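Chemist: I'd like to ask you about the structure that follows.
The values are calculated or read from the model by the stated rules, or taken from the named source; none is laboratory data. A quick note: this is a predicted structure, and the numbers were derived from the prediction, not measured. Note that we place each Cβ from the backbone using ideal geometry, even for glycine, and neighbour counts take in every protein chain shown.
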Amino acid sequence: MNASNTSQLVTVVTPLWNESDTIAALAAALRQLFQDASVKWEWLAVDDGSSDDTVALVRKEMRDMARARLVCLTRNFGQQAAYRAGLDHANGDAVIFLDADLQDPPEAIPEMLARWRDGARLVIGRRRSRPERGMRGLLLRGFHVVFGRLTNNVMPQDSGTFGLMDRVVVEELKRLPERNLFLPALRCWLGHRQAMVWYDRRERAGEPKQTYAKLFNYAWNGITSFSEIPLRFISWLGLSLCLFGTVCTALVFLQRVGQWFGWWTDRLVVGFATQTVGIFFLGGVQLLCLGIVGEYLARIYREIKGRPHYLVEQVVEEKRPQTSEVLKHE
Ligand code: UDP
Ligand code: MG
């Protein structure tokens, strides 16, 4: 990948979930980007079960593009699954992940291409700054710090999905069998020659589609099966009981000290404290541990089930309809 080569194909993958507000701006930005004639471009949009007119708008925008396809999933599978569908359907020698909301600037893509041509197999977009403020900003920043600590910084702290992957990386990612997808870290885990491109993250056009609940699940590697929720409940119950046990211990300790120094004159029920504290505290610890074990068990359960990441309803290619679509209308 050492010189610009117009026979090389670069696929831009954008997941879309109810993005009708942002499609026009996205298509305009892509058209601008595709004017760079040093490579051939392909736009691969993945509709993640939108219930608004995202599909119709995208199809309209795609009509005048040389290479553009839309993969429609059967329902909303989540951002990571949509990106995975993009990986599976992209034809490019390099694949670029770009959120539809343009928070990550397409203007940074030429620099990514340059790093790729220099020999990097993975080019990661790193945020110099991010616009999210308040609780959302705090949680996002907090998550990256905690995630970095827990995983020994498997990926750069200030990076997300925005980035470029060489075909080699794409094929290796596709071979990984795991169901709990966290692509930003997974692609870094692969190793290879990596490069960074710095950018300022912008305000989002339209409402955030990653709700707090979705972000929380993303942080926990995605909850897809409802049978895990009781397991997490056990952890919280355990933690609450631990706290209660600790408060009881502190109270009993204070009473005892008070008796020695004479400022606690009420009679103490002998043996009551030890038992109560012991039952609550140990019960809490046990439930907490059980809950944590349950979290891992749930992950194994999900891997064993081996359900596909997503299901495809149809692949639409505006200029050259594909077999699946042709069959549909027969
Ligand atoms: N998205 C998706 N499925 C979902 C949620 C989001 O495909 O269930 C897409 C969304 O359309 C956007 C991208 O994922 O293109 C990132 O979403 P958003 O900007 O809301 O998330 P954040 O910026 O908070 O990561
Ligand atoms: Mg966004």
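Chemist: Hey, any hits in region 163-186 for a residue that's buried (at least 19 other Cβ atoms within 10 Å of the Cβ), over 18 Å from PRO15 (Cα atoms) and among the aromatic types (Phe, Trp, Tyr)?
Modeler: No, region 163-186 contains no residue that is buried (at least 19 other Cβ atoms within 10 Å of the Cβ), over 18 Å from PRO15 (Cα atoms) and among the aromatic types (Phe, Trp, Tyr).
Chemist: Let me confirm something: among ALA37, ALA28, which residue is part of a helix (DSSP H, G or I), among the hydrophobic types (A, V, I, L, M, F, W, C) and either more than 24 Å from the chain's Cα centre (by Cα) or over 25 Å from LYS214 (Cβ atoms) (or both)?
Modeler: Result: ALA28 is the single residue among ALA37, ALA28 that is part of a helix (DSSP H, G or I), among the hydrophobic types (A, V, I, L, M, F, W, C) and either more than 24 Å from the chain's Cα centre (by Cα) or over 25 Å from LYS214 (Cβ atoms) (or both).
Chemist: Consider region 113-162. How many of its residues are touching a Pro at 6+ places or on another chain (Cβ under 8 Å), within 22 Å of GLY78 (Cβ to Cβ) and not in a helix (DSSP H, G or I)?
Modeler: Total meeting the criteria: 5.
Chemist: Starting from residues that are under 16 Å from the mean Cα position of the chain (by Cα) and in a helix (DSSP H, G or I), keep the ones in region 82-100 and report whichever is farthest from ligand 1 (Cβ to nearest atom).
Modeler: LEU87
Chemist: Of all residues in region 159-198, how many are in contact (Cβ under 8 Å) with a residue 60 or more places away in the chain, of a type in the set (Phe, Trp, Tyr) and farther than 29 Å from SER50 by Cα?
Modeler: The number of residues fulfilling the criteria is 1.
Chemist: Now, a different point. Tell me whether region 320-327 contains one or more residues that are at pLDDT below 75, outside any helix (DSSP H, G or I) and in contact with a helix residue (DSSP H, G or I) (Cβ under 9 Å, 6 or more places away or on another chain).
Modeler: yes
Chemist: Does region 52-73 contain at least one residue that is in contact with a Gly (Cβ under 9 Å, 6 or more places away or on another chain) and assigned to a loop (DSSP other than H, G, I, E, B)?
Modeler: No - not one qualifying residue is present in region 52-73.
Chemist: Moving to a separate point now. Restricted to region 196-206, and to residues that are at pLDDT 70 or above and not hydrophobic (A, V, I, L, M, F, W, C), which residue is surrounded by the fewest Cβ atoms within 10 Å (Cβ to Cβ)?
Modeler: Result: GLU203.
Chemist: A follow-up question, please. So LEU231 passes all but one of these: (1) within 30 Å of ALA81 (Cα to Cα); (2) modelled with pLDDT of 75 or more. Which condition number does it fail?
Modeler: Result: LEU231 fails condition (2) only.
Chemist: Taking the criterion of being within 16 Å of ligand 2 (Cβ to nearest atom) and among the small types (Gly, Ala, Ser), would at least one residue in region 76-85 satisfy it?
Modeler: For region 76-85, residues within 16 Å of ligand 2 (Cβ to nearest atom) and among the small types (Gly, Ala, Ser): present.
Chemist: In the list ARG126, ARG149, ARG130, which residue meets the criterion of being more than 15 Å from the chain's Cα centre (by Cα), surrounded by 15 or more Cβ atoms within 10 Å (Cβ to Cβ) and away from ligand 2 (no atom under 14 Å from the Cβ)?
Modeler: Matching residue, one of ARG126, ARG149, ARG130: ARG126.
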